[in-house]
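Some notes on the structure that comes next.
The values are calculated or read from the model by the stated rules, or taken from the named source; none is laboratory data. For clarity, every value in this text was computed on a predicted model and none was experimentally measured. Backbone-built Cβ (ideal geometry, glycine too); neighbour counts: all protein chains shown. Quick note on the areas: whole protein, heavy atoms, side chains included, nothing else; ligands and nucleic acids left out. Shrake-Rupley method; radii C 1.70, N 1.55, O 1.52, S 1.80 Å.
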2 protein chains.
Amino acid sequence: MQRIIGIDPGSLRTGYGIIEADSAGRLRHITHGCVNVSGRPFLERIAAIHRGLRQVLQDFAPQSAAVEQVFLARNADSALKLGQARGAALVALLEQDLPVCEYTALQIKKATVGAGHADKTQVEHMVRRLLGVHEAIQADAADALACAICHAHSAGTQQFWQSREIVGR
Amino acid sequence: MQRIIGIDPGSLRTGYGIIEADSAGRLRHITHGCVNVSGRPFLERIAAIHRGLRQVLQDFAPQSAAVEQVFLARNADSALKLGQARGAALVALLEQDLPVCEYTALQIKKATVGAGHADKTQVEHMVRRLLGVHEAIQADAADALACAICHAHSAGTQQFWQSREIVGR
């Protein structure tokens, strides 16, 4: 069993989702949520994202992390804000020595919906189906869970199981 | 005596400079340097900026921090990279509960050179004169020292001294 945290960083809300995956590819939903920092001064937001995620990592102790890779921001100003939020989130993961993988939106959508052009509603729908969650999931947390699912299905994670099997012999 | 760290964040090199300022506005150079992370994979860079600055904070124990505020990046891509580096640097400061102030390039140049249109050579020259440093200072570290000098002269830092005087009575 591998416990994975997915992160969808944002300057106002940073979604997170934690799942467990076994070597047969079976997935289990552990938790999800958002670090909501809107309405605070900018520097407090950066501190709160880092602190909030660090708490989630302490509480749920994932073994690896998957973060959505951002290629295109709307403009330089929003890229700068998003970048700082993302930097704070990454530090929370990296300082725990968690292995971190980055996935593009295309990879994440393909891994959950099976198509790269899926919209947010479709992603949320498939995340709930794949994890057996009955309640609606907030978009940022659904994206974070989708990112974790993508990681569970990725080559790197398959290698994790292979290396375990070798160790286990 | 107040010990101030100035930071000039960058995705390849993050400059830092530490000075001491007394209530009469006298400045003393303590140290300066760069956390150079070029040539490493991106995630390692983010971790190294955070780790590098945390070490500097441990070694020199500044009481407040000043960071250059970035308004305009060249484009969304470089803004995203710079943003993540800046986020990692800010977390290092904020998790120590250091009071952090941000200053624009204009404010920093005015505080050191006296003019907002100064170039990097002039800033480095004046930083050396103001702090009595004889050797050349790398541009990123000189900018960081300039940021610390700006903070030493700012209204917020004057308030620091006023509150100290009240406490001292």
Averaged over peptide A:47-53, how many Cβ atoms belonging to another chain are found within 10 Å of each residue's Cβ? 3
Report the Cα centroid-to-centroid distance between the stretch A:79-93 and the stretch B:1-35 in angstrom, as an integer. 24 Å
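Restricting to bridges with both residues inside the protein assembly as shown, how much of the DSSP beta-bridge set is antiparallel, in percent to the nearest 5?
65 percent
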Out of A:Val67, A:Val123, A:Val91, any idea which swings most in a Gaussian network model of chain A, alpha carbons joined below 10 Å? A:Val91
Under 23 Å between C-alpha atoms is the cut-off here; go through the protein assembly as shown and count lysine pairs that meet it, provided they're at least eight residues apart or on different chains. 7
Residue among B:Ala89, B:Ala142, B:Ala105 with the largest mean-square fluctuation in a Gaussian network model of chain B, springs linking Cα atoms under 10 Å: B:Ala105
Just to be sure I understand: with springs between alpha-carbon atoms less than 10 Å apart, which residue in B:Ile137, B:Ile108, B:Ile149 has the highest mean-square fluctuation in the Gaussian network model of chain B? B:Ile137
Please report the carbon-and-sulfur percent of the accessible area for the protein assembly as shown; probe 1.4 Å, protein heavy atoms only, DNA, RNA and ligands left out. 49 percent
Of the DSSP beta bridges with both residues in the stretch B:2-168, give the percent that are antiparallel, rounding to the nearest 5. 65 percent
HN-Hα J couplings of the stretch A:60-65 from phi, Karplus 6.51/-1.76/1.60, θ = phi - 60°, integer Hz, Gly and Pro as x? 10, 6, x, 9, 8, 9
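With a sphere of radius 10 Å drawn around the Cβ of A:Leu12, what net charge do the other residues whose Cβ falls strictly inside it have (Lys, Arg +1; Asp, Glu -1)?
My count for the surroundings of A:Leu12 gives +3.
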Calculated from backbone phi, Karplus (6.51, -1.76, 1.60) coupling profile of the stretch A:10-26 in Hz, x at Gly/Pro: x, 6, 10, 9, 10, x, 9, x, 10, 10, 10, 10, 9, 5, 8, x, 6
For the stretch A:53-124, state which chymotrypsin sites (Phe, Trp or Tyr not before Pro) are in a DSSP loop and have at most 16 other beta carbons lying within 10 Å of their beta carbon. A:Phe71
Report, in degrees rounded to the nearest 10, the 0 to 90 angle that the Cα long axis of helix A:76-94 makes with the longest principal axis of chain A. 50 degrees
For the protein assembly as shown, the per residue accessible area (1.4 Å probe, Å²) is 47 Å²
When A and B pair up, the total accessible heavy-atom area removed from solvent (1.4 Å probe), in Å² to nearest 100, is 1900 Å²
Suppose you put the label 7 Å out from Cα in the Cβ direction; list, shortest first and in nm with one decimal, how far B:Glu44 is from each other copy's label. 3.9
Computed [θ] at 222 nm, helices only, for the protein assembly as shown once each DSSP H run of length n ≥ 4 contributes -39500 (n - 2.57): -16500 deg cm²/dmol
Quick one: which of B:40-48, A:4-12 comes out on top by average Cβ neighbours within 10 Å, and what's the full order, highest first? A:4-12, B:40-48
Would you tell me the accessible area of B:Lys110, worked out with a 1.4 angstrom probe on the heavy atoms of the protein chains, in Å² to the nearest 10? 120 Å²
